[in-house]
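**Q** Encoded as structure tokens, here's the structure I'll be asking about.
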Amino acid sequence: MQPVHIVGGGLAGCEAAWQVAARNVPVVLHEMRPVRMTAAHKTQALAELVCSNSFRSDERETNAVGLLHEEMRRLGSLVMRTGDANQVPAGGALAVDREGFAAAVTAALEAHPLITIAREEIALPPQDWDCVIVATGPLTSPALADNVRALTGETALAFFDAIAPIVHRDSIDMSVAWFQSRYDKAGPGGSGADYINCPLTREQYEAFVEALLAGDKAAFHEWEAATPYFDGCLPIEVMAERGRETLRHGPMKPFGLTNPHDPTVKAYAVVQLRQDNKLGTLFNMVGFQTKLKHGDQVRIFRTIPGLERAEFARLGGVHRNTFLNSPKLLDPTLRLKAMPRLRFAGQITGCEGYVESAAIGLLAGRFAAAERLGEPLMLPPPTTAHGALLGHITGGHVETIDAGPRSFQPMNVNFGLFPPLTRAPSRGPDGERLRGPAKAMAKKRAITSRALADLDRWLAGEAMLAAE
Ligand SMILES: Cc1cc2nc3c(=O)[nH]c(=O)nc-3n(C[C@H](O)[C@H](O)[C@H](O)COP(=O)(O)OP(=O)(O)OC[C@H]3O[C@@H](n4cnc5c(N)ncnc54)[C@H](O)[C@@H]3O)c2cc1C
């Protein structure tokens, strides 16, 4: 049987290789280190963790990444099995001994009779590789990035992500904020009331600008310094440094908006949030890309009227990354529409984080193996963490309704990516009416138990098909 070729032996590539080989399909895993290193990797080990050693929360009932851990365990993940075996104490988080973890993943793959490891850089997968998984990550080598860019017709692949914070819609106070598009313009695909607007008085605006200027900012990595900013993606604190009024004439301009809560008062400045996913559960803060440290973002953005209790699905950032405009370029099973023999996995598809990258590698591996074996490809249900993440990558995003930087951004798994419950729990086990945090917790529990039940049904369906 012809092998599946996997390019990149990071979190996604290693998990994909394991999943393919587990279905008795041979694999060649091509990893360029140590022949060519990246700017962040320090060793030649497969599945090297380039920064923190944490897989984040392991709490599966009320945390989306904890749920993803549990689903991966049920799907026979090598990354999770090895993470569990190399755990170090970290409270409710799953943190690992990074050297032990990477060494154990490397050893497991090297010992597998169906896996061959080739230490070489692949600039373009040769024509005769008919089933390829590209999992080369945020630091994809320039030669491959250039070739993928040419294949996709995109203008750029490696650039600064200008990431604006994303807020859970149900944490925005709509007794203060309101829905309206500037000048009520509908635009293509819009309704005329597509933005959530948060009004600031002059005093609130001035205090906000002061806080931005004083806020604690993250530094660039040395190797990021050479990558240019895109026009139109300046961090808000850099805009604020250019003049006290700059933001009020930029992303915070108040024009074309009327506050229905009090139409007689004109806002001095307005923060706008735009729908970020098809489900309408997440909204991004328009033009609010920032290098403020996460703690300061939460503290400062919660001073914005309407966002006092904002829960953030992700915080803003500006850093170097390489990822595809996946909703446009990939099909539902992660294949490049322009060249379906290439399937993508990991952070290059637009997920973020060690665990998410490995989870997408896991799915890509299962899809590639099924394709090789001539079996039907079954997508995970959208109610599972795997399905929610896949949905974000391949289809869950709304195109921007006005000109601006492209809006698809890498994301960690979070509850905003899951389809809402048909009936959210309103009463506790003793029949008491649920309110506030207890209600939010009950909702999360309902989403995670629905996810695990649906995952088990999906797995049983796959097992039945394989047995036929
Ligand atoms: C500096 C930095 C810090 C990060 N910190 C964290 C963090 O603390 N926590 C977190 O959860 N996530 C973090 N991330 C985000 C991300 O989730 C990880 O980078 C994750 O490792 C991505 O997994 P991956 O498999 O997609 O890519 P990687 O793990 O980077 O694996 C890609 C592999 O492909 C190889 N490769 C690249 N090009 C080629 C080629 N042409 N031919 C052959 N091999 C190639 C690379 O050498 C690498 O081994 C960080 C990212 C960066 C860049």
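What follows is calculated from the coordinates using simple rules that are stated; it is not laboratory data. Being a predicted model, the structure only gives us computed values, none of them experimental. All Cβ positions, even for glycine, are placed from backbone atoms using ideal geometry, and neighbour counts span all protein chains on display.
**Q** Assuming a strict under-14 Å limit between Cα atoms, what lysine pair count do you get for the chain once near-sequence pairs (fewer than 8 apart, same chain) are dropped? Write out the running numbers ahead of the final one.
**A** Details: LYS217/LYS291; LYS217/LYS293; LYS253/LYS266; LYS328/LYS337.
Total qualifying Lys-Lys pairs in the chain comes to 4.
**Q** Using the Cβ atoms and a cut-off under 14 Å, what net charge is assigned to the surroundings of ARG366, where Lys and Arg are +1 and Asp and Glu are -1?
**A** Numbers: positive: ARG23, ARG74, ARG335, ARG343, ARG372; negative: GLU15, GLU71, GLU371, GLU375, GLU462.
Every neighbour counted, the sum reads 0.
**Q** Taking the square root of 5 times each eigenvalue of the Cα gyration tensor, what semi-axes in Å does the equivalent ellipsoid of the stretch 309-468 have, largest first? Before the final figure, lay out the partial values.
**A** On the way: eigenvalues 175, 118, 28 Å².
Equivalent ellipsoid of the stretch 309-468: 30, 24, 12 Å, largest first.
**Q** What distance in nm separates the two pseudo spin-label positions at GLU99 and ARG341, each 7 Å out from Cα along the beta-carbon direction?
**A** 4.2 nm
**Q** For the chain, with only Lys/Arg (+1) and Asp/Glu (-1) charged at the beta-carbon, what is the dipole magnitude about the Cα centre, in debye rounded to 20? Write out the running numbers ahead of the final one.
**A** Details: 49 positive and 51 negative charges, 164 e Å.
Here the chain has a charge dipole of around 780 debye.
**Q** Note the angle between two axes, namely the Cα long axis of helix 354-373 and the longest principal axis of the Cα atoms of the chain, as a number of degrees from 0 to 90, rounded to the nearest 10.
**A** Roughly 50 degrees, rounded to the nearest 10.
**Q** Amide H neighbours of GLU311 under 5 Å, counting only residues 5+ apart in sequence or on other chains, H built in-plane at 1.01 Å?
**A** Here the answer is HIS168, SER171, since their amide H atoms fall under 5 Å of that of GLU311.
**Q** Take peptides 209-217, 347-355 and line them up by average Cβ neighbours within 10 Å, highest first, as a rough protection proxy. Mind dumping the intermediate values first?
**A** Numbers: 209-217: 15.8, 347-355: 25.8.
Final packing ranking: 347-355, 209-217.
**Q** May I pose another question? Sorting check: for 418-425, 302-309, which peptide has the highest mean count of neighbouring beta carbons within 10 Å, and how do the rest follow? Please list the in-between numbers first.
**A** Values: 418-425: 13.6, 302-309: 16.8.
Peptide ranking by packing, descending: 302-309, 418-425.
**Q** Starting with the highest mean, order 16-23, 76-83 by the number of other Cβ atoms within 10 Å, averaged over the residues of each peptide.
**A** Values: 16-23: 24.9, 76-83: 22.9.
Averaged packing, sorted descending, gives the order 16-23, 76-83.
**Q** Oh, and also: Any idea what the dipole of the stretch 324-468 comes to, in debye rounded to 20, about its Cα centre with Lys/Arg Cβ at +1 and Asp/Glu Cβ at -1? Mind dumping the intermediate values first?
**A** Working: 18 positive and 13 negative charges, 80 e Å.
My answer is approximately 380 debye.
**Q** Here's a follow-up. At q = 0.08 Å⁻¹, what base-10 log of I(q)/I(0) does the Debye formula yield for the chain when every alpha carbon is treated as an equal point scatterer in vacuo?
**A** Each listed q corresponds, in turn, to -0.49.
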